[in-house]
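Engineer: Quick one: the structure is below, questions incoming.
Every number in this text was worked out from the coordinates using simple rules, so none of it is lab data. The model shown is predicted, which means the values in this text are computed figures rather than measured ones. Note that we place each Cβ from the backbone using ideal geometry, even for glycine, and neighbour counts take in every protein chain shown.
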Amino acid sequence: MDVFQWLYSDTVKDHFTNPRNVYDPDRDKDFRPDAEGMVGNIRCGDQMMFMLKIEDDIITDVRWKTYGCASAIASTSMLSETVVGMNIRDAYHIRPADIANRLGGLPENKIHCSVLGDKALRAAIDVYLEQHGRAGEFKDESAQIICKCLNISDKDIEEAVRQGAHDWYTLQEATKIGTVCGSCKAKAEELLHEFVHIYG
Amino acid sequence: MDTRYVYMDYNATTPLRPEVRDLMVRALDVYGNASSLHALGRTAHAEIEETRANVAALIGAKEASAVYFTSGGSESNNTVFNTMFLIGRKQARRKIITTAIEHPCVLNAAAHLKDEGFPVVFLPVDRDGLIDMGAYRAELGPDVLLVSVMAANNEIGTIENIGEIARLAKAEGAFVHTDATQAVGKVPVSVEEWNVDYLTLSCHKIYGPKGIGALYVRQKAPIEPLIRGGHQENGVRAGTYNNLGIIGFGEAARLAKEELPEYRQRVGGLRAMLRDLILERIPMVRINGHPVHALPNTLNVSFPGAEGESILLSLDLEGIEVSTGSACASGSLEPSHVLMAIGLGPELAHGSIRFSLGRYTTEDEVRYVAEKLPPIIARLRKMSTVPLEELAQEIR
């Protein structure tokens, strides 16, 4: 898809200029989240924070904030609308591709910007589970975290490979893995080769 | 809805001037091959030689024959580096000195020589973008083949001291090249005063057509063709003459020279006005580039806490066209190499916007931008994860 066409589609433009559930320091002074998750690093140009209110495992309200580009803002706005009213387990398993589809797909070079929202969301849910003595409950059933800085799991790597990331560079483009501390590189490359072998 | 359109990206490219356009429309019929001896060929030849004289005058060259037409800045720069490759591979004097803030076509041409085994130095610059003269002097020596330093930087507008850089290089017997693509038409440029051997310029930055540029080569300085073929341009650049482009270039060059004093004063005034309005209306900003030695039209500003691509697109939705040093805009993880070279933290580099003004910029447009910008920055900062207080130190 052409990045120019995408950025100017009505849906993306709407979510970029009027982002839903974005944290407003004036209006949301009294917003008390049950859990917060933050991923990304402004050194790499973007960072995302997700705040959740949760009752009986249902997400009742969310706020988020970001230092990020238009794609990150639009994707996270769409994600935030999607997860309100959702069970935390279902929310945890939302794939970036589901959000991208709702925004009418994503251009290749914008995918890595748009995955921050769901990473932050998962980080927040993980914090919530930990606070309630259920640490790693969803992680264990589905995925193993490879990159601790950005909360990227083996499932994410698998998905990226299925979407066509067949080398370290394109895997980084798709997931941002190894762009913060880099200590996961060996393990991630091993998985990359494994998945390329399976899906390539 | 307000559907205003304000172009502030003149360093990327400029619109074709109506005067140049009119001349080019007439020139569409000058189809003769300038290398032919018959009447049609001679007509084309005469037009081309007139352009050569205009370009020579614009860059202060005594001899019009020192000007060679190319397809643009990238070709001119590559022609110089290719020449150095052909000379340097046969001799011990082969060191190349350039800077960390050059245009990618110089950086990549220099990196290619490095791959080929040439010693290549990318000089660091200071916080304002001026090359570190101490580091430069330390690198100079009898092994230096070429010093290539841009006359003015495209992103931050800093103007290097080419005259002094050339004087030091000449004392060591090195050749000197300057990429003056951004300087020409904006500030006085003189190959004689600077005493450079090679100078690159491009036509589409001075309100002429794209696909045409020139390389100045001082008499007796070595030059090898990048494109081999016929005897055009004394064998330095083969290929049938681009009549249309060259004729447009001639008029654009003539007007650029004629109007330079007025341009500097008027556009410089508008830049100062935009800078002052931004400083007055938006807290916590940093103006990048040298405060004095800078292009009159280029204003590079960092807005920490707000991401550059988001600023750019927000402005675009208001009809304002600018560019950014943010990584997101380029699709990589690295912000602008120029902003990193002047020592900005990634937090400031990712949040930078370049406003480049031009001949058609008006006071009204500057006011429009200064009115639309503050709420955009405020909105993005409000939703930002970056605490502004923590960046206060970096702004100075």
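Engineer: So for the stretch B:1-131, averaging the separation of alpha carbon pairs under 8 Å that are six or more residues apart and normalising by length, what relative contact order in percent results?
Structural biologist: Relative contact order of the stretch B:1-131: 13 percent.
Engineer: Per residue of B:347-354, count partner chain C-beta atoms within 10 Å of its C-beta, then hand back the mean as an integer.
Structural biologist: That works out to 2 on average.
Engineer: Could you give the DSSP H helices of chain A that reach 18 angstrom or more along their long axis (alpha carbon positions) and whose average Kyte-Doolittle hydropathy is no lower than 0.0?
Structural biologist: A:70-83, A:116-131
Engineer: Mind giving me the nanometre distance, one decimal, between the label points for A:Asp14 and B:Asp115, set 7 Å out from Cα along Cα→Cβ?
Structural biologist: 4.7 nm
Engineer: Ratio to report: Rg/Rh of the stretch A:144-200, with Cα atoms as the point set and Rh obtained by the Kirkwood method; give two decimals.
Structural biologist: 0.91
Engineer: So what is the 222 nm mean residue ellipticity for the protein assembly as shown from helices alone, if each DSSP H run of at least 4 adds -39500 (n - 2.57) and you divide by all residues, rounding to the nearest 500 deg cm²/dmol?
Structural biologist: Calculated at 222 nm, the ellipticity per residue is -13500 deg cm²/dmol.
Engineer: While we're looking at this one, here's another question. Can you give the net charge of the other residues whose Cβ lies under 9 Å from the Cβ of B:Ile247, counting K and R as +1 and D and E as -1?
Structural biologist: -2
Engineer: Same structure, new question: For helix B:363-382, report the angle its Cα long axis makes with the longest principal axis of the Cα atoms of chain B; keep it between 0 and 90° and round to the nearest 10°.
Structural biologist: 50 degrees
Engineer: Could I ask something else about it? Counting only other chains, and only Cβ atoms inside 10 Å, what mean value do you get across the residues of B:380-391?
Structural biologist: Neighbouring Cβ atoms belonging to other protein chains average 5 per residue here.
Engineer: Report ³J(HN,Hα) in whole Hz for each residue of the stretch B:299-310, in order, from the Karplus equation J = 6.51 cos²θ - 1.76 cosθ + 1.60 where θ = phi - 60°; Gly and Pro get x.
Structural biologist: Once rounded to whole Hz, the list reads 10, 10, 10, 9, 10, x, x, 10, 7, x, 5, 5.
Engineer: Counting other C-beta atoms within 10 Å, which of B:Leu201, A:Leu171 has the fewest, and how do the rest follow?
Structural biologist: Least to most surrounded, the residues fall as A:Leu171, B:Leu201.
Engineer: Separate question: Please find, in a Gaussian network model of chain B (springs between Cα atoms separated by less than 10 Å), the residue of B:Glu102, B:Glu139, B:Glu155 whose mean-square fluctuation is greatest.
Structural biologist: B:Glu139
Engineer: Taking only Cα atoms of the stretch B:44-182, what ratio of Rg to Rh do you get with Rh as the Kirkwood inverse-distance radius?
Structural biologist: 0.98
Engineer: What lysines could a cross-link reach from A:Lys119, if we take a straight Cα to Cα line under 29 Å and drop same-chain neighbours fewer than 8 places away?
Structural biologist: A:Lys13, A:Lys29, A:Lys53, A:Lys65, A:Lys110, A:Lys139, A:Lys148, A:Lys155, A:Lys176, A:Lys185, A:Lys187, B:Lys382
Engineer: In square nanometres and to one decimal, what's the mean projected area of the convex hull around the Cα atoms of the protein assembly as shown?
Structural biologist: For the protein assembly as shown, the mean projected area of the Cα convex hull comes to 30.4 nm².
Engineer: Then there's this: So how far apart, in nm, are the two label points at A:Arg134 and A:Asp30 if each is 7 Å from Cα heading toward Cβ?
Structural biologist: Rounded to a tenth, the inter-label distance reads 2.8 nm.
Engineer: From the phi of every residue in the stretch B:192-206, what ³J(HN,Hα) in whole Hz does the Karplus formula 6.51 cos²θ - 1.76 cosθ + 1.60 yield, where θ is phi - 60° and glycine or proline is x?
Structural biologist: These are the phi-based 3J(HN,Hα) values: 6, 4, 7, 6, 9, 8, 9, 9, 9, 9, 10, 7, 6, 8, 10 Hz.
Engineer: Next up: Could you tell me the relative contact order of chain B? Use alpha-carbon pairs under 8 Å, at least six residues apart, and round to a whole percent.
Structural biologist: Reported relative contact order: 22 percent.
Engineer: Here is a further query. What's the exposure ranking of A:Met86, A:Met51, going from fewest to most Cβ atoms within 10 Å?
Structural biologist: Fewest to most other Cβ atoms nearby, the residues stand as A:Met86, A:Met51.
Engineer: Give the relative contact order (percent, whole number) for the stretch A:144-200; include only Cα pairs under 8 Å separated by 6+ residues.
Structural biologist: Relative contact order here is 40 percent.
Engineer: I want the local charge near B:Leu315. Using Cβ-Cβ distances under 10 Å, sum +1 for each Lys or Arg and -1 for each Asp or Glu among the other residues.
Structural biologist: That works out to -2.
Engineer: Within 9 Å, Cβ to Cβ, of A:Gly68, how many net charges do the neighbouring residues add up to if Lys/Arg are +1 and Asp/Glu are -1?
Structural biologist: Counting the neighbours of A:Gly68, the net charge comes to -3.
Engineer: Would you grab the residues whose amide H sits under 5 Å from the one on B:Thr70? Only those 5+ places off in sequence or on another chain, please, with H modelled 1.01 Å from N.
Structural biologist: B:Gly213, B:Ala214, B:Leu215
Engineer: Which distance in Å, rounded to a whole number, links the C-alpha centroids of the stretch A:54-131 and the stretch A:152-179?
Structural biologist: Taking the Cα centre of the stretch A:152-179 as reference, the centre of the stretch A:54-131 is 18 Å away.
Engineer: Using only the Cα atoms of the stretch B:18-256, each taken as one equal point scatterer with no solvent, compute I(q) by the Debye sum, divide by I(0), and report log10 of the ratio at q = 0.07, 0.08, 0.11, 0.12 Å⁻¹.
Structural biologist: For the stretch B:18-256, the Cα-only Debye profile gives -0.23, -0.29, -0.55, -0.65.
Engineer: Fewest to most neighbouring Cβ within 10 Å: what's the order for B:Tyr241, B:Tyr31, B:Tyr198?
Structural biologist: B:Tyr31, B:Tyr241, B:Tyr198
Engineer: Between B:Tyr360 and B:Glu172, what is the label-to-label distance in nm when each label sits 7 Å out along the Cα-to-Cβ direction?
Structural biologist: 4.5 nm
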